[in-house]
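Novice: Sharing a structure, written as structure tokens. Questions coming.
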Amino acid sequence: GEIRAILDDPGFDQVAALENHRRLLQLRAERLTHLIRTVDKTIQTLTEDTMMVTDEELYEGFSKEQIESYETEARERWGATNAYAESRQRVRNMTKAQWNAVKDQGDEATRLLAELMDRDPADPEVQTAIAKHHAWIENFYTASAEMYAGLGQMYADDPRFRANYDKYAPDLADFMRDAMAIYADTVLSGR
């Protein structure tokens, strides 16, 4: 009824009404185009492995408080200019596909070492496996002989690292410490 009254009004300007209606449709079309672009970007983010690693992916499984505590500890222990900064920069430059490959590489190296625990840490096969672990570490930073041996000691001494490695096999952290020290002394030191 209201529409009929407006249309029957002799002062009603149909052209102005249609122009106004067109303007409102144009605004709606622009809003929908913007929404379509947003949905497209979201689909791309969810399906593309070329996006950089996010903090959520990097620290998957850790609470915000744990992340902040670990970052503070790392800065205090190694300083902001050494391996800590190098590692952060390298990881931030990884794509999701690269990050997932690095995670798989670390898991594979650790599982291999757990399978070899019945051998002497100096055994050639163990040292080949520890070389794979060293190569994995170097995805994050350059690990000199001293740094790599120190990292192995930290695996055994720090309860968090010990728990991480010992979940693969009891006392794996100690075995890795010993194998890493041998590798650092014989291969990385050039002896």
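Novice: Just one of (1) at pLDDT below 95; (2) over 28 Å from GLU68 (Cβ atoms) trips up ASP123, so point out which.
Specialist: Status for ASP123: all satisfied but (1).
Novice: Which condition number in (1) touching a helix residue (DSSP H, G or I) at 6+ places or on another chain (Cβ under 7 Å); (2) in contact (Cβ under 8 Å) with a residue 24 or more places away in the chain is the one that ASP178 fails?
Specialist: (1)
Novice: Within segment 91-115, can you find the residues that are assigned to a helix (DSSP H, G or I), farther than 24 Å from ALA179 by Cβ and either open to solvent by less than 30 Å² (accessible area, probe 1.4 Å) or of a type outside the set (A, V, I, L, M, F, W, C) (or both)?
Specialist: VAL91, ARG92, LYS96, GLN98, TRP99, ASN100
Novice: Same structure again: Tell me which residues, restricted to segment 116-169, are open to solvent by 50 Å² or more (accessible area, probe 1.4 Å), in a loop (DSSP other than H, G, I, E, B) and acidic (Asp, Glu).
Specialist: Matches in segment 116-169: ASP118, ASP120, GLU138.
The values are calculated or read from the model by the stated rules, or taken from the named source; none is laboratory data. Only a predicted model underlies this, so the values are computations on that prediction, with no experimental measurement involved. Virtual Cβ from ideal backbone geometry, glycine too; neighbours counted across all protein chains shown. Remember, those area values only see protein heavy atoms, side chains included, never the ligands or the DNA or RNA. Shrake-Rupley method; radii C 1.70, N 1.55, O 1.52, S 1.80 Å.
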